[in-house]
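The structure appears right after this line, and notes come after that.
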Amino acid sequence: MASFSIRAARPEDCPDLLRLIKELAKYEDMEDQVVLTEKGTEPARAHPVGGRVTAPVAKVRVYSAFLELLEDGFGEHPFYHCLVAEVPKDQWSSEETCIVGFAMYYFTYDPWIGKLLYLEDFYVMAEYRGLGIGSEILKNLSQVAVKCRCSSMHFLVAEWNEPSIRFYKRRGASDLSTEEGWRLFKIDKEYLLKMAAEE
């Protein structure tokens, strides 16, 4: 059985966080929706700098995403918090990494019930599932929520993801979409910009 520890993410974990975010997107068959890697990059070409050519755009995009994760999670005003699951070197994955799972969360407020912990992303690498890592991450998140006097933890699960639905329901989760009839909406940046510019 693998030994592991759960801890708060540190700035130097950002490359692993980005890797796990991409793995989760692939698992959910939504890789094309991960735009974090493209924010702030220039068109897909190299540029001469001091007689040399800059790094390939793929590296620039990854570096940009790393900087965004770093600033947004560890800057002056963090937009998210994160827990990571770490294994010792003798149990590293086939990718030679010690960070094998993560949970990204933040706090929000519901005027009816008060503070909430919102679990944005939660993922454990396939080769480390079934070892109790996910349960331990969820336990740690629950401790954070209780310590911060949150009334509940909210999150989304894809309808097709039966293993995750069962995982959460075994731990007391309620499906608000069936019980209360809520529907999730979003307004994309294009429309945010349009509304913001209205006179």
Quiz item: Does segment 123-147 hold any residues that are small (G, A, S), buried (at least 16 other Cβ atoms within 10 Å of the Cβ) and under 12 Å from F4 (Cα atoms), and which are they?
Solution: G134
Practice problem: Go through segment 50-103 residue by residue and tally those that are assigned to a helix (DSSP H, G or I) and at pLDDT below 55. | Solution: 7
Practice problem: Could you grab me the full set of residues in segment 90-103 that are open to solvent by 20 Å² or more (accessible area, probe 1.4 Å) and closer than 16 Å to R7 by Cα? | Solution: C98
Exercise. Kindly list the number of the only condition in (1) without any contact (Cβ under 8 Å) to a residue 12 or more places away in the chain; (2) within 22 Å of F155 (Cα to Cα); (3) open to solvent by 70 Å² or more (accessible area, probe 1.4 Å) that fails for E120.
Key: (1)
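The values are calculated or read from the model by the stated rules, or taken from the named source; none is laboratory data. All values derive from a computational prediction rather than experimental measurement. Virtual Cβ from ideal backbone geometry, glycine too; neighbours counted across all protein chains shown. These area figures cover heavy atoms from the full protein model, side chains too; ligands, DNA and RNA do not enter into them. Shrake-Rupley method; radii C 1.70, N 1.55, O 1.52, S 1.80 Å.
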